[in-house]
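J.: Can you keep this structure in mind? I'll have questions shortly.
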Amino acid sequence: MSFDADAAAAPGSGIFGLPFTREQARVVLLPVAFDATTSYRPGTADGPGAVRRASMQVDLYDRAFGRVYEQGIYMEEEDPAVRQLSKDAAEAARPVIETGGAEPDNLRHEKALTIVAKACERLNEFVYDHTRGVLEDGKIPGLVGGEHSVPFGAIRAIAEAHPGVGILHIDAHMDLREAFEGFMWSHASIMHNVITRIEGVAKLVQVGIRDFGERELAMAKEHKDRIKVYFDEDIAWERERGGDYADLCRKIIRKLPEKVYISFDIDGLDPKLCPHTGTPVPGGLSFHQAAWLLEMLRESGKQVVGFDLVEVAPGPDNEPEWDANVGARVLYKLCGAAGPE
Ligand SMILES: [Mn+2]
């Protein structure tokens, strides 16, 4: 292969400028251009395309993870049916979102909720089938969203293939709402749905949490054998007191079982790293803190069996694609964390 990892990406090359086919790749990325239930600010449907474009600028040698690309990384083409499904569902959802959520006894709202739920269920099946296929081929599935509702099908397939798996969940939000604005498959409900519907997930370890409702907190407490929360505020406070971040990472990683799926919501990071994401919250992890956590996870010898990167939203047309630039670099680190022994 005449591929030069230090050269600029060749035109027509794959994600990160790489030359691999799906067969040659160990990591298979699925772009999911779906953002039907985004409540505050839409745009994550354009995330996968923007991340792919921005990935061409990522240097392929990573000081911590080495030659991440050598395992082979391939990104599937976007499925236009997914984008259409997202558009149709978002249109149905709009009147509900505009009134601040579904009203009881409002038949129009009820109908809209049904349309959105059906679209989300179809998406879940699509993602599940794809992820199963990747796992059956002995490869590592990675998903690039889209809003945070999209990995449900992937996590279901992962939990079937690797029962007892744990989720390392980096996010500003707990995403433990039973439903949000009436939408049961809302981006704000992904981990509620995982905990209540996917038995194979033994553990959910949340990091960077700083925006949540009282009922979400109650749910985390109720399931304290399965859910462990590391609040952003505590991490920041520890840092101000001169605490050892590496020590904290070790504690976080110890809470996880041997097999780990990483669900990385970009809004877990400081919003200056993701200014256009759907629901930005002040505070958050620095890029290095997130990277160190991933590096220490890899060093721990635990096995990353899949991952997602969600809620990356590029800015309006004429702005530089800063969010996608950061997203592409996080994605490369995720591929590094999932690298072979
Ligand atoms: Mn979030």
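J.: Read phi for every residue in region 330-340 and hand back ³J(HN,Hα) as whole Hz from Karplus 6.51 cos²θ - 1.76 cosθ + 1.60, θ = phi - 60°, with x for Gly and Pro.
T.: Each residue of region 330-340 in turn: 5, 4, 5, 5, 5, 4, x, 5, 8, x, x Hz.
J.: OK, next. Which trypsin sites (Lys or Arg not before Pro) in region 1-92 sit in a loop by DSSP (not H, G, I, E or B) and have at most 15 other Cβ atoms within 10 Å of their own Cβ?
T.: Passing sites in region 1-92 are R22, R63.
J.: Please identify the trypsin sites (Lys or Arg not before Pro) of region 152-227 that satisfy two criteria: DSSP loop assignment and at most 10 other Cβ atoms within 10 Å. Which are they?
T.: K224
J.: Please list the non-local residues whose amide H lies under 5 Å from the amide H of M75, H modeled 1.01 Å from N, same-chain partners needing a gap of 5 or more.
T.: Here I15, L29 satisfy the definition.
J.: Under a plain spin-label model, where a point goes 7 Å from the Cα along Cα-to-Cβ, how far apart in nm are T196 and T21?
T.: For T196 paired with T21, the spin-label model returns 4.5 nm.
J.: Could you work out [θ]222 nm for the chain from helices alone, using -39500 (n - 2.57) per DSSP H run of at least four and dividing by all its residues? Round to the nearest 500 deg cm²/dmol. Working shown, then result.
T.: Working: 10 runs with 133 residues, N = 341.
Result for the chain, helices only: -12500 deg cm²/dmol.
J.: Considering only Cα-Cα distances, which of the following residue pairs are longer than 23 Å: K118/K228; K224/K259; K87/K333?
T.: K118/K228; K87/K333
J.: Let me ask something additional. Please list the non-local residues whose amide H lies under 5 Å from the amide H of D211, H modeled 1.01 Å from N, same-chain partners needing a gap of 5 or more.
T.: Residues meeting the criterion, in which the H sits 1.01 Å from N, are M174.
J.: Please find the FRET efficiency linking K251 to E76, where r is the Cβ-Cβ separation and R0 is fixed at 51 Å, and quote it to the nearest 0.05.
T.: Numbers: r = 36 Å, r/R0 = 0.71.
Calculated value: 0.90.
J.: Report the gain in length on full extension from R63 to E299: 0.36 nm times residue separation, minus Cα-Cα distance, nm rounded to one decimal.
T.: Additional length available on full extension: 83.6 nm.
J.: Enumerate the calculated ³J(HN,Hα) couplings along region 252-267 in order (Karplus 6.51 cos²θ - 1.76 cosθ + 1.60, θ = phi - 60°), each rounded to whole Hz, writing x wherever the residue is Gly or Pro.
T.: 4, 5, 4, 6, 8, x, 5, 9, 10, 10, 9, 10, 10, 8, 4, 6
J.: I need the phi-derived Karplus couplings for region 92-101: 6.51 cos²θ - 1.76 cosθ + 1.60, θ = phi - 60°, integer Hz, Gly and Pro marked x.
T.: 5, 6, 3, x, 5, 5, 5, 8, x, x
J.: Cα convex hull of region 1-143: mean projected area in nm², to one decimal?
T.: Across all orientations, region 1-143 yields a mean hull projection of 10.4 nm².
J.: Can you list the residues, at least 5 places off or on another chain, whose amide H is less than 5 Å from the amide H of L285, using H built in the peptide plane?
T.: L269, D270
None of the figures in this text is laboratory data; all of them are computed from the coordinates on show. Values in this document were obtained by computation on a predicted structure and should not be read as measured data. Because the Cβ atoms are built from the backbone with ideal geometry, glycine has one as well, and the counts that use them run over all protein chains shown.
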